[in-house]
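Participant: There's a structure below that I have some questions on.
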């Protein structure tokens, strides 16, 4: 297989991925799944490079609407909205997009390095994960709520519980019974987090913007993509490192995915920042950390997939489908029997990360141009994009209604000044927390100490407690300073 | 009534209704020690407890009247409701009018509601926008959107 074929495959995959990731409602996995049938007749290495490059592009593409319209194109880009959209509102859209692109590039290369070095060696870590470990991982993710709650921890916790409640809708993970479905077949598989996110982020923002004055237009100068200056590069280096390391670990853990890692990275970047007060108000570090994290995940998520055949995310599952379609069975034998495919994939992913930098720059121009359009037209197009994208998710009009309903919920939460990011986290993590909590108890004959006896789960739970305690102390200190 | 107090009562009501709904989950012989109602009931209790805490806190500190400037006025609420109605209308008409016509109407009506003028430019933007979305989702991504009644009329 000629090396030359990898280049168009990587560039094409990245372009397709950015396009799909940038469309709210079109997740990376859908973007990859749409491409899957077209790879059937291709050379197997070209096919897997095309699919993996799409994943890389989509993870970055999700940040474009997150920054430009305050709507994450993917779950993993949700954390980018917090500061990315604030930067856009301050007329720094080009700078935010530049930080996102550059941080994604750095994270992607780091993830690739981890993938190459540790794929076989670290597979034992993923193997050691039990249901109690997964439960503890979910709790660790939920502990971030304390930091996302803003001024009111109480209201943040309420929003988090509301999210956990939403996650209970659908088929019970252990018994298979229907819960809160009211006889509707559309609710049997639960409420997909992407609908909740589109509703809470996009629809509620549209409703708020309905009565808002025309937003600030990006000038030609400010709309031009700006890569970080040396001073900014120095400032975002640590958040990038934090995001890359968290993304590397979370990506390898089945079930964790980009959303958890980006929120954790955001939280840790704020904790370690010299300017924590700027977070939530347009901090460049708040864009760099989650973007580095989710692009690292796009590579390290392939570690358990390649070494054990365990897809750690929906996108990895689609990629696994691509492997199996070409009769490539992931696992230790893959490296022996099809070493050239694995090496081709590594090479392709390197090209994809470079391609992301180039294609991301080219595609950014038209995206930034969109920000400067008259508000009524832009709002109308966003609305059309939302209803079209949500329908495209499962070709179901019911989903459009669900997204609108969550738009009303988001609008109400905004009116009551309740942060809705904890709710998103509850929805994303709810199923994982409940299913693994119950499975762990079944396996331990109802012994709750199983969560502390397992070293991995004990370590994860201890980390969650430290994060919670740190957040509470920080809030107490802030209140004391205010007095 | 303060904003927090109202929110506290609303979430307390949600907790009560949600708890009541857990009793509608049928029993199962396959149930584990926690069961399908287990964690939902815990969530309901936690939500109720947090809501009561919020109510108590807002009763203790809520004497100061809140500024009313952020609350939407009637005409603003009407515009928000209008945006939602556009979405609901889209869901209702798209099976009959098809994707292309429905999305063009959605763009045109939303533009008007957002303060855009009713003129040829808006119509042109709506039609070209619909064509663009059709090209992306149907032609490029090959997603099967409702075609409406048009095929049966041809």
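Participant: Check the range A:385-402 and report whether any residue there is closer than 15 Å to residue A:73 by Cα and more than 9 Å from chain B (Cβ to nearest Cβ).
Facilitator: Taking every residue of the range A:385-402 in turn, at least one turns out to be closer than 15 Å to residue A:73 by Cα and more than 9 Å from chain B (Cβ to nearest Cβ).
Participant: How many of the residues making up the range B:10-26 are within 23 Å of the chain's Cα centre (by Cα), surrounded by fewer than 16 Cβ atoms within 10 Å (Cβ to Cβ) and more than 9 Å from chain A (Cβ to nearest Cβ)?
Facilitator: The qualifying residues number 3.
Participant: Go through (1) out of contact with any helix residue (DSSP H, G or I) (no Cβ under 7 Å at 6 or more places or on another chain); (2) modelled with pLDDT under 75 for residue A:343 and report which single condition fails.
Facilitator: The failed condition is (2).
Participant: Something else now. Restricting to the range A:434-445, name every residue that is touching a residue at least 60 places away in the same chain (Cβ under 8 Å), buried (at least 21 other Cβ atoms within 10 Å of the Cβ) and within 8 Å of another protein chain (Cβ to nearest Cβ).
Facilitator: A:434, A:437, A:438
Participant: Out of all the residues in the range A:420-432, is one or more touching a residue at least 40 places away in the same chain (Cβ under 8 Å), over 22 Å from the mean Cα position of the chain (by Cα) and away from chain B (no Cβ under 11 Å)? Write out each step before concluding.
Facilitator: Of the residues in the range A:420-432, the ones touching a residue at least 40 places away in the same chain (Cβ under 8 Å) are A:420-432.
Subsequent filtering for residues that are over 22 Å from the mean Cα position of the chain (by Cα) retains none.
No.
The values are calculated or read from the model by the stated rules, or taken from the named source; none is laboratory data. It should be emphasised that the depicted structure is a prediction, and the values quoted were computed from it without experimental measurement. Because the Cβ atoms are built from the backbone with ideal geometry, glycine has one as well, and the counts that use them run over all protein chains shown.
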